[in-house]
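A.B. asks: The following block contains the structure, expressed as structure tokens.
The values are calculated or read from the model by the stated rules, or taken from the named source; none is laboratory data. Computed from a prediction, not measured in an experiment: that's the story for all the values here. FYI the Cβ positions are ideal-geometry reconstructions off the backbone, even for glycines, and counts take in every protein chain you see.
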Number of protein chains: 2
Amino acid sequence: MSLFFGNSSSVRTKELECVTLAYDTCWGDTGVAMAYDILARITGPRDLDALSLGELDRLAGEVRDAIVKRVDAVGGHLGSNLGVVEATIALHRVFDSPRDRIIFDTSHQCYTHKMLTGRAYGFFDESRMDEISGFTNPEESEHDWFRCGHTSTSISLACGFAKARDILGQTHNVVAFIGDGCLSGGEAFEGLDNSATFKTNLIIILNDNEMSIAEDQGGIYGNFAELRATGGRSARNFFSTFGFDYRYVENGNSIADLIEAFEQVKDIDHPIVVHIHTTKGKGVEWAERNKEEAHSVKAKGSSPSGETYTAITRARMLEKMAADPSIVVVNAGTPGGAGITADFRAAIGDRYVDVGICEQHAVTFSAGLACGGAKPVYFVASTFLQRAYDQIVQDLALNQSPATVLVFQAGFSSIDATHLGVFDLAYTGNVPGLTCLAPATAEQFIAMLDWSIDIADRPVVIRVPDKVVHGREAVFSDADVARFEVKHEGGDVALVALGPTLELAGLVSDELSARYGIVPTIISATTYSALDRQLLFALEDGHRLVVTLENGVLYGGFGEKVARVLGRTPLRVLCYGGTKEFVDRVSTKELNERYHLEPEALAADIAEIL
Amino acid sequence: MSLFFGNSSSVRTKELECVTLAYDTCWGDTGVAMAYDILARITGPRDLDALSLGELDRLAGEVRDAIVKRVDAVGGHLGSNLGVVEATIALHRVFDSPRDRIIFDTSHQCYTHKMLTGRAYGFFDESRMDEISGFTNPEESEHDWFRCGHTSTSISLACGFAKARDILGQTHNVVAFIGDGCLSGGEAFEGLDNSATFKTNLIIILNDNEMSIAEDQGGIYGNFAELRATGGRSARNFFSTFGFDYRYVENGNSIADLIEAFEQVKDIDHPIVVHIHTTKGKGVEWAERNKEEAHSVKAKGSSPSGETYTAITRARMLEKMAADPSIVVVNAGTPGGAGITADFRAAIGDRYVDVGICEQHAVTFSAGLACGGAKPVYFVASTFLQRAYDQIVQDLALNQSPATVLVFQAGFSSIDATHLGVFDLAYTGNVPGLTCLAPATAEQFIAMLDWSIDIADRPVVIRVPDKVVHGREAVFSDADVARFEVKHEGGDVALVALGPTLELAGLVSDELSARYGIVPTIISATTYSALDRQLLFALEDGHRLVVTLENGVLYGGFGEKVARVLGRTPLRVLCYGGTKEFVDRVSTKELNERYHLEPEALAADIAEIL
């Protein structure tokens, strides 16, 4: 989600209104609009067959308005969706979904697809917007084949579909629709490499809008530019080197041109890449001019409030980097989510490396930087770091490469099931040789960041909290890697709170003493890769129960380790955190209720067991 | 490690003797050989400078003999090492290691490098062979930069080195040495894509021996063939499309040609790919003719003994596949380790897909196959499956794609730290929606395999045991997914054994009753993704202690979940399994001692706590 919206919203709103002047005046309260007279009649893709080219063009305008309407109301991916309106209309006009399989890579660009497959209500009816997600989802429609949200998988999925079709004796088309940015992920290459050897129908639409989330990064983009410049005729052709048949469509926002191209490749008997040149943000001037900011935007009127960890991180990094020329900031194609603003990038110059959307390379590159004597700090979201699990194990941990990994967007949130940040406690915390830290306060975070950058003997993961809480000035040293801190000495029950759950522990303590007369011990744990065994075993004295708190899934997480270590003692242990489940856009309020991560429920549980 | 050696050893031994006739007659017992008169004088790379081309050629012969000597004695990678003898000599002659950084991809081909950097004793002295590993290791030598063992990371590491060098104002060369097979992994592509944009020295040596472990798989190999056929002059050039400078060396086993090529690129100011054409297995006729079998071989005279799970798997899969044409076997470039023999491949024809060494694609491809109506069974080693953690989470589990994953080489072993099979209990068992099974007997394994292939509603991981133990006929049904089995009812202590550790539980039970008069309850757990809570809670009746056993790392594993669930009860819990550590070629005997996974030590622990 863009962090820049707060700054640019006034400009954006003004310009959106210029371009899509009608969209917020033509609607009544019922959520059915006069201006959407073609779109409102589309119940499925085959309704496109009867429309003239002129009507399809008008439909594109209506779809574009509806995209803006939804994004303004609930936020979402703006630029990518605006860019593929025509391509999606042409796809559904030419191919016969769901008989023909159309797989959208990452699927953040599927809004038009959703509108053409019976879900336009999720765009033009504000009261129904929460009925659909911003990604493909088979539970919503037979036209959606997968839940996707991480990049670069569509060609692999299409390979599976194509092979299954062939061995089952079926004959439909298989189409992967993938953006140029998504091609920087290695799995897309793996899919290209494998699919190029297939002797069967497999159509890869390369949606080249000349952008990733930020700028494209990588050598292949020079070739794409050459292909665009030559109308696809350059002898130097990335796809041809795999053996692919290839076709180029210069105006990827022309429905007529796209229909012609897609009709030519429909039912083809071999793999082909159809390279279409589209305009990201098409039709909304602000989005066309501010492609990175417009990639993903928050709901109109929403703005970040208060102090953020991304701002704290930027400020500290600027100080550190001014003093130490060996520090390098690494990111894998998602600067916005990690707070890497344009200003920050400009300030650190060539010590910022965006490697493209390829977390594996980002981690191994960081390992190389570290072993080469630089001090890398890799900014990444929890959900994306999991794409580099093997590199964490092999290149960071086994090699003890002194890199710092800052994990953002970790913990419970109301995000899509494809982007959960609740698994990293397990997939980082159980790796040998990896020091994993969970600060409770901003001061601890800064102390940990300083320590991690300055030491040169091991990799460190810092799980950046969501909400800024201030505490007293903090220092961090080697000894703190396996040290918990007693914040309050009580009796009977000890609350062991990992990182930012310390705040909850305080509230539970208040509730316990007020309602049940129990004064618990409160322990702050700021590491989840090692336990303070001495402190834990000392709890046998004066306590009967240990309660652990963590903001991630319990399975493989922090509390289980405490339970194991204390298993030999008479102490009872209750672990609080998330269940092993995929939650899809469930509010944190509801999650906290579900997991009893609330003062009342948790205090009641404790009182009951005591 | 090759499973075929047992069958072909007589042929191999005979032919090895023809080609390297001298190697086993010229050695005395001291481990210093007359025939290695040049190699024995090499203390470091700079000793190459004084040698004439003729002497370097003779050195190559000695190195080749020493490779065979080591592989015969302790096993190892034969073909890849034989192929790069000349290239490694030329590299160390031209570049100035360790000032210049040479990074070997996967590093299984580093034997010559080790011999030229002071470690020839590990090859020609049988008594010192265990002092070195078969992979690069910074603890062994300043010429080794990373512990590597998984493919496709060298270019990413080189990028890190190059960037670190530049910001630190250094001027050395950075060289990545990568095989054609390793280029099928997506991370290699990510590294190529990123490094092609660098404006600095970065030299990528593509060692093209026309083979992966098995045959190369993927579209790019057609282009490599075209480049070979045209002496590197084809206009269609995979590397040029990234923007790389490029050079081709047809005779990659000619030291003179290689020295000339490397001298031309040394100190270059931009990234370049030097494509060298080598012969895998060079110099040993059997290895040249049997490239797949010779990739990695066991020590001379060793042979697999008794029944194996790979044979059981093949036999059952052939039966299943004969009856069901929708079953597809998937592998990612490592057929040998999973028992996918040439015979088996031939028998299942186009229902075998080797996708190249790309586990991410293999998992997502399997998800596509499954959602397309086929029944994929992905054969993979534990250490390599971790390269697809994100795909397991997103494409298998979140999408509930009904694929089967057979995890081989899981559990404790004496393997290198780069190839441990002890982390999968955590990285699969904690993923929501993934059914993870650990059979204790061959009959259970077959029942699970049948069930997994036949159901169509979820992904299943089966952790294939190492040693075949037979039990009674077994069936497996949906209800067994969260059901443990009481094998013996006792009292005071309950042993909960995951999968094949049931055998140990029996021995511990014997020890407990014989020595301490304790008759434990024995429970067989054959699932680690879900617990039989009812059974576990019922243990409160008649037991004081629960002991869990697992053949993997405890952190994030099975026992911790038991400890968490039982934390609310008065039952004490002791968990036995591996520590969170990287162990490097430590014998399973020593590991079992270290972890108290032995009847005597474990029974003593239990008796003490009771």
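A.B. asks: For the stretch A:349-371, does any single residue satisfy the condition of being under 19 Å from the mean Cα position of the chain (by Cα), part of a loop (DSSP other than H, G, I, E, B) and of a type in the set (A, V, I, L, M)?
C.D. replies: So far as the stretch A:349-371 goes, yes, one or more of its residues are under 19 Å from the mean Cα position of the chain (by Cα), part of a loop (DSSP other than H, G, I, E, B) and of a type in the set (A, V, I, L, M).
A.B. asks: Right, here's the next one. Where in the stretch B:85-167 are there helices (runs of 4 or more DSSP H), lying wholly inside it, with at least 2 residues that are touching a strand residue (DSSP E or B) at 6+ places or on another chain (Cβ under 6 Å), within 28 Å of residue B:332 (Cβ to Cβ) and not β-branched (Val, Ile, Thr)?
C.D. replies: It comes to B:154-167.
A.B. asks: Checking residue A:551 against (1) at the interface with another protein chain (Cβ under 10 Å from one of its Cβ atoms); (2) in contact with a Pro (Cβ under 7 Å, 6 or more places away or on another chain), only one condition comes out false. Which one?
C.D. replies: All conditions are met except number (1).
A.B. asks: Can you say whether residue B:589 is of a type outside the set (A, V, I, L, M), assigned to a loop (DSSP other than H, G, I, E, B) and either more than 8 Å from chain A (Cβ to nearest Cβ) or more than 28 Å from residue B:519 (Cβ to Cβ) (or both), as far as the supplied structure shows?
C.D. replies: It is false that residue B:589 is of a type outside the set (A, V, I, L, M), assigned to a loop (DSSP other than H, G, I, E, B) and either more than 8 Å from chain A (Cβ to nearest Cβ) or more than 28 Å from residue B:519 (Cβ to Cβ) (or both).
A.B. asks: Just to be sure I understand, how many residues within the stretch A:157-176 are touching a residue at least 40 places away in the same chain (Cβ under 8 Å) and surrounded by 23 or more Cβ atoms within 10 Å (Cβ to Cβ)?
C.D. replies: The number of residues fulfilling the criteria is 9.
A.B. asks: Determine, yes or no, whether residue A:81 is part of a helix (DSSP H, G or I) and at the interface with another protein chain (Cβ under 9 Å from one of its Cβ atoms).
C.D. replies: Judged against the criteria, residue A:81 is not a match.
A.B. asks: Could I ask something else about it? Does residue B:366 count as within 27 Å of residue A:99 (Cα to Cα), surrounded by 20 or more Cβ atoms within 10 Å (Cβ to Cβ) and not assigned by TED's automatic domain parsing to the domain that holds residue B:184? Spell out the reasoning first.
C.D. replies: Values: within 27 Å of residue A:99 (Cα to Cα): yes; surrounded by 20 or more Cβ atoms within 10 Å (Cβ to Cβ): yes; not assigned by TED's automatic domain parsing to the domain that holds residue B:184: yes.
Yes: the conditions hold for residue B:366.
A.B. asks: Could you list, in sequence order, the residues of the stretch A:258-280 that are surrounded by fewer than 18 Cβ atoms within 10 Å (Cβ to Cβ) and either among the aromatic types (Phe, Trp, Tyr) or more than 14 Å from chain B (Cβ to nearest Cβ) (or both)?
C.D. replies: A:260, A:263, A:264, A:266, A:267, A:268, A:269
A.B. asks: Exactly one of (1) within 9 Å of chain B (Cβ to nearest Cβ); (2) surrounded by 24 or more Cβ atoms within 10 Å (Cβ to Cβ) is unmet by residue A:373. Its number?
C.D. replies: Tallying (1) within 9 Å of chain B (Cβ to nearest Cβ); (2) surrounded by 24 or more Cβ atoms within 10 Å (Cβ to Cβ), residue A:373 fails exactly one: (2).
A.B. asks: Going by what's in this entry, would residue A:556 be described as closer than 25 Å to residue A:464 by Cα and either small (Gly, Ala, Ser) or away from chain B (no Cβ under 13 Å) (or both)?
C.D. replies: Judged against the criteria, residue A:556 is a match.
A.B. asks: Let me ask something else. Starting from the stretch B:385-400, take each residue that is within 24 Å of residue B:419 (Cα to Cα) and list its partners that are among the small types (Gly, Ala, Ser), counting only C-beta distances under 7 angstrom and pairs at least six apart or across chains.
C.D. replies: B:388/B:362; B:396/B:367; B:396/B:403
A.B. asks: From the set of residues in the stretch A:225-236 that are part of a loop (DSSP other than H, G, I, E, B) and within 14 Å of chain B (Cβ to nearest Cβ), which is nearest to residue B:237 (Cα to Cα)?
C.D. replies: It comes out as A:236.
A.B. asks: Taking residue A:187, is it surrounded by fewer than 23 Cβ atoms within 10 Å (Cβ to Cβ) and either at the interface with another protein chain (Cβ under 9 Å from one of its Cβ atoms) or part of a loop (DSSP other than H, G, I, E, B) (or both)?
C.D. replies: Judged against the criteria, residue A:187 is not a match.
A.B. asks: Name the residues in the stretch B:190-205 that are surrounded by 24 or more Cβ atoms within 10 Å (Cβ to Cβ) and either in a loop (DSSP other than H, G, I, E, B) or more than 9 Å from chain A (Cβ to nearest Cβ) (or both), would you?
C.D. replies: Within the stretch B:190-205, B:196, B:202, B:203, B:204, B:205 meet the criteria.
A.B. asks: Continuing with the same structure: Kindly provide the set of residues from the stretch B:501-513 that are farther than 12 Å from residue B:607 by Cα and either assigned by TED's automatic domain parsing to the domain that holds residue B:422 or crowded, with 24+ Cβ neighbours inside 10 Å (or both), ordered by number.
C.D. replies: B:501, B:502, B:505, listed by residue number.
A.B. asks: Give me the residue from the stretch A:143-184 that is polar (S, T, N, Q) and within 10 Å of chain B (Cβ to nearest Cβ) and, out of that set, nearest to residue B:191 (Cα to Cα).
C.D. replies: Within the stretch A:143-184, the match that is nearest to residue B:191 (Cα to Cα) is A:184.
A.B. asks: Identify, by number, the condition in (1) over 23 Å from residue B:168 (Cα atoms); (2) in contact with a Leu (Cβ under 9 Å, 6 or more places away or on another chain) that residue A:342 doesn't meet.
C.D. replies: For residue A:342, the failing item is (2).
A.B. asks: Filter the stretch A:376-406 for residues that are facing another protein chain (nearest Cβ under 8 Å) and assigned to a strand (DSSP E or B) and give the result.
C.D. replies: Listed by number, the list holds a single entry, A:376.
Every residue, every condition in (1) within 16 Å of residue A:235 (Cα to Cα); (2) crowded, with 18+ Cβ neighbours inside 10 Å; (3) in contact with an Asp or Glu (Cβ under 8 Å, 6 or more places away or on another chain); (4) more than 9 Å from chain A (Cβ to nearest Cβ), yes or no:
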{"position": "B:208", "(1), (2), (3), (4)": "no, yes, yes, yes"}
{"position": "B:218", "(1), (2), (3), (4)": "no, yes, yes, no"}
{"position": "B:223", "(1), (2), (3), (4)": "yes, yes, no, no"}
{"position": "B:238", "(1), (2), (3), (4)": "yes, yes, no, no"}
{"position": "B:243", "(1), (2), (3), (4)": "yes, yes, no, no"}
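A.B. asks: Looking only at the stretch A:295-315, decide whether some residue is within 14 Å of chain B (Cβ to nearest Cβ) and either assigned to a strand (DSSP E or B) or free of Cβ contacts under 8 Å to residues at least 40 places away in the same chain (or both). If you could, list the steps in order and put the result at the bottom.
C.D. replies: Going residue by residue through the stretch A:295-315, those that are within 14 Å of chain B (Cβ to nearest Cβ) are none.
Looking through the stretch A:295-315, none of the residues is within 14 Å of chain B (Cβ to nearest Cβ) and either assigned to a strand (DSSP E or B) or free of Cβ contacts under 8 Å to residues at least 40 places away in the same chain (or both).
A.B. asks: Residues A:440, A:397, A:347, A:374: which one is touching a helix residue (DSSP H, G or I) at 6+ places or on another chain (Cβ under 7 Å), closer than 27 Å to residue B:557 by Cα, small (Gly, Ala, Ser) and assigned by TED's automatic domain parsing to the domain that holds residue A:330? Break it down stepwise before answering.
C.D. replies: Working: A:397 fails: touching a helix residue (DSSP H, G or I) at 6+ places or on another chain (Cβ under 7 Å); A:347 fails: closer than 27 Å to residue B:557 by Cα; A:374 fails: closer than 27 Å to residue B:557 by Cα.
Being touching a helix residue (DSSP H, G or I) at 6+ places or on another chain (Cβ under 7 Å), closer than 27 Å to residue B:557 by Cα, small (Gly, Ala, Ser) and assigned by TED's automatic domain parsing to the domain that holds residue A:330 holds for just one of A:440, A:397, A:347, A:374, which is A:440.
A.B. asks: Exactly one of (1) at pLDDT 95 or above; (2) more than 11 Å from chain A (Cβ to nearest Cβ) is unmet by residue B:126. Its number?
C.D. replies: Every listed condition holds for residue B:126 apart from (1).
A.B. asks: Suppose we keep only residues that are of a type in the set (D, E, K, R) and in contact (Cβ under 8 Å) with a residue 12 or more places away in the chain within the stretch B:522-545. Which one would you say is nearest to residue B:494 (Cα to Cα)?
C.D. replies: My answer is B:544.
A.B. asks: So, one more: Answer with yes or no whether residue A:252 is away from chain B (no Cβ under 11 Å), within 23 Å of the chain's Cα centre (by Cα) and touching a residue at least 60 places away in the same chain (Cβ under 8 Å).
C.D. replies: Criteria not met by residue A:252.
A.B. asks: Quick check: anything in the stretch B:545-556 within 31 Å of the chain's Cα centre (by Cα), hydroxyl-bearing (Ser, Thr, Tyr) and crowded, with 22+ Cβ neighbours inside 10 Å?
C.D. replies: For the stretch B:545-556, residues within 31 Å of the chain's Cα centre (by Cα), hydroxyl-bearing (Ser, Thr, Tyr) and crowded, with 22+ Cβ neighbours inside 10 Å: present.
A.B. asks: It is to be established whether one or more residues within the stretch A:548-566 are outside any strand (DSSP E or B), on the phi > 0 side of the Ramachandran plot and in contact with a strand residue (DSSP E or B) (Cβ under 8 Å, 6 or more places away or on another chain). Break it down stepwise before answering.
C.D. replies: Taking the stretch A:548-566 and keeping what is outside any strand (DSSP E or B), we get A:554-566.
Subsequent filtering for residues that are on the phi > 0 side of the Ramachandran plot retains A:556.
If we keep only those that are in contact with a strand residue (DSSP E or B) (Cβ under 8 Å, 6 or more places away or on another chain) too, we end up with none.
Within the stretch A:548-566, none of the residues are outside any strand (DSSP E or B), on the phi > 0 side of the Ramachandran plot and in contact with a strand residue (DSSP E or B) (Cβ under 8 Å, 6 or more places away or on another chain).
A.B. asks: Continuing with this model, one more query. Taking residue A:572 as the residue in question, decide whether it is more than 10 Å from every other protein chain (Cβ to nearest Cβ), among the basic types (Lys, Arg) and surrounded by fewer than 24 Cβ atoms within 10 Å (Cβ to Cβ).
C.D. replies: For residue A:572, the condition - more than 10 Å from every other protein chain (Cβ to nearest Cβ), among the basic types (Lys, Arg) and surrounded by fewer than 24 Cβ atoms within 10 Å (Cβ to Cβ) - is not met.
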